[in-house]
Amino acid sequence: METNKLTVYEKTLQKLNEKIIGEVWEPGKRLPSMKQLAMDFGVSVTTIREVLHTLENKNIVSIEHGRGIYLRNDPNSVTSKTVNVDQNIPLLSILKARLLIEPDQAYYCAQNADSILCQELQVVADRLDQEMHVSDDFLKTDLKFHQLIAAGAKEPSLKIMTNSLEEYQISARRMTNTLPLMRTKAALYHQLIAAAIATHSAEEAKKLMKMHIESMILPLTKG
C-alpha cells in the first residue's frame, strides 16, 4: 500500500505552484476567480480556497474580499517562498503521529479535567460547530480544542510531542478540511469528545479521539 501519495490538496498546491513559477501570471496581476480555478484544476472550490489561504499565509498571493485574488508584486515571494510540497511532512505522517499521542491525551484529560476546563471545551466545540457552517475561519478554533485537551491531560512528555507538531497543524487542518464530509464528522466528534471528558469517561474519550483521527487517515489510505 502506498502511504506517501499526495492528497488532492497537495496535488493542487503543487500545480498552482508550477503555474506561479512558470510565470503564467505576472506579479501584481489578478488571478482567475476561485470558481474558475476550481474548474481549471478539476477540484472543488473548498480545495482551491484552502490552497489559496496557504499561499496567502506565505505572502505569495493576496486575497482581497470583493476585489479578487492577486499575485504579490514582491518577486522574492514568488521565487523563494513558493510552497514546496515535497519538503513538508506528509499529511498522513502527521495524522499517524497524532494517533499515537492524542487518544492518550484525551484519556488523561478526562481523568483530570475540572469543571472550568470542561466548560471551556464545550464552548470551543460549540463555536467550532457554528464556524464550520458559516465560514472557513474555524481552523484555529479546531486547533484550540485539541490544545485544551493536551493541557488538560497534564502529561508533560505528551505535551512536548504535541508541541513538536505545532508548526504543521494549521496547514494539516487545511488539507483534512478538503476530505469528504470532514467538517460534519469533525463537528460531531468534537461534541462527543467534549461530552466524554465532561463525564470523566476516560476510555470513551480515548476511543472517540482515536476514531476521529482514524476517520481522517482512512480516505488517505484507500486504493
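The values are calculated or read from the model by the stated rules, or taken from the named source; none is laboratory data. Please read these numbers as outputs of a predicted model, since none were measured by experiment. Because the Cβ atoms are built from the backbone with ideal geometry, glycine has one as well, and the counts that use them run over all protein chains shown. Please note that ligands, DNA and RNA were not included when accessible areas were found on the heavy atoms of the full protein model with its side chains. Shrake-Rupley method; radii C 1.70, N 1.55, O 1.52, S 1.80 Å.
Once label points are set 7 Å from the Cα along Cα→Cβ at both Asp114 and His65, what is their separation, rounded to one decimal in nm?
About 3.8 nm separates the two model spin labels.
Determine the relative contact order of the stretch 124-223: mean sequence separation of Cα pairs under 8 Å and six or more apart, normalised by residue count, in whole percent. Spell out each step's value before the answer.
Details: 50 pairs, mean separation 25.9, N = 100.
RCO, the stretch 124-223: 26 percent.
Within the stretch 150-167, which residues have the backbone N less than 19 Å from the label spot 7 Å out from Leu100 along Cα→beta-carbon, could you tell me?
Correct set: 150, 155-167.
With angles folded into 0 to 90 degrees, how steeply does helix 45-57 sit against the dominant principal axis of the chain? Use alpha carbons for both and round to 10.
The helix 45-57 is inclined about 80 degrees to the chain.
Determine how large the accessible area of Glu166 is when every protein chain is in place; take a 1.4 Å probe and give Å² rounded to the nearest 10.
70
What accessible surface, in Å², does a 1.4 Å probe find on Thr141, ignoring ligands, DNA and RNA and rounding to the nearest 10?
Roll a 1.4 Å probe over it and Thr141 shows about 10 Å².
Given 25 °C and 0.890 mPa s, how large is the Stokes-Einstein diffusion coefficient of the chain in µm²/s, with Rh as the Kirkwood radius over Cα pairs? The partial results should precede the final answer.
On the way: Rh = 18.6 Å.
After rounding, the answer is 132 µm²/s.
Tell me which of Val61, Pro27, Val45 sits at the most positive position along the dipole axis of the stretch 1-61, charges placed on C-beta atoms (Lys, Arg +1; Asp, Glu -1).
Comparing the listed Cα positions along the dipole, Val45 ranks first.
When the Debye formula is applied to the Cα atoms of the stretch 132-223, each taken as the same point scatterer, what base-10 log of I(q)/I(0) results at q = 0.12, 0.15, 0.23 Å⁻¹?
The calculated log intensity ratios at q = 0.12, 0.15, 0.23 Å⁻¹ are -0.39, -0.63, -1.41.
Excluding same-chain residues fewer than 8 positions from Lys15, which lysines have a Cα within less than 23 Å of its Cα?
Correct list for Lys15: Lys5, Lys29, Lys35, Lys58, Lys81, Lys222.
Run the reach check for Lys159 against lysines, Cα to Cα strictly under 22 Å, same-chain hits fewer than 8 apart removed. What comes back?
By straight Cα distance, Lys159 reaches Lys96, Lys140, Lys144, Lys206, Lys207, Lys210.
Can you check what the Kirkwood hydrodynamic radius comes to for the stretch 101-163, Cα pairs only, in Å to one decimal?
Numbers: mean 1/r = 0.0830 Å⁻¹.
In the stretch 101-163 this quantity evaluates to 12.1 Å.
Can you give me the relative contact order of the chain as a percent, contacts being Cα pairs under 8 Å and 6 or more apart? Let's see the in-between values first.
Values: 271 pairs, mean separation 57.6, N = 223.
Taking the mean separation of contacting Cα pairs over the length of the chain, I get 26 percent.
Please give the contour-minus-distance gain from His133 to Lys222: 0.36 nm per residue of separation, less the Cα-Cα distance, rounded to one decimal in nm. Don't skip to the end; give the middle numbers.
Details: separation 89, 0.36 × 89 = 32.04 nm, distance 2.75 nm.
Taking 0.36 nm per residue and subtracting the Cα distance, the gain is 29.3 nm.
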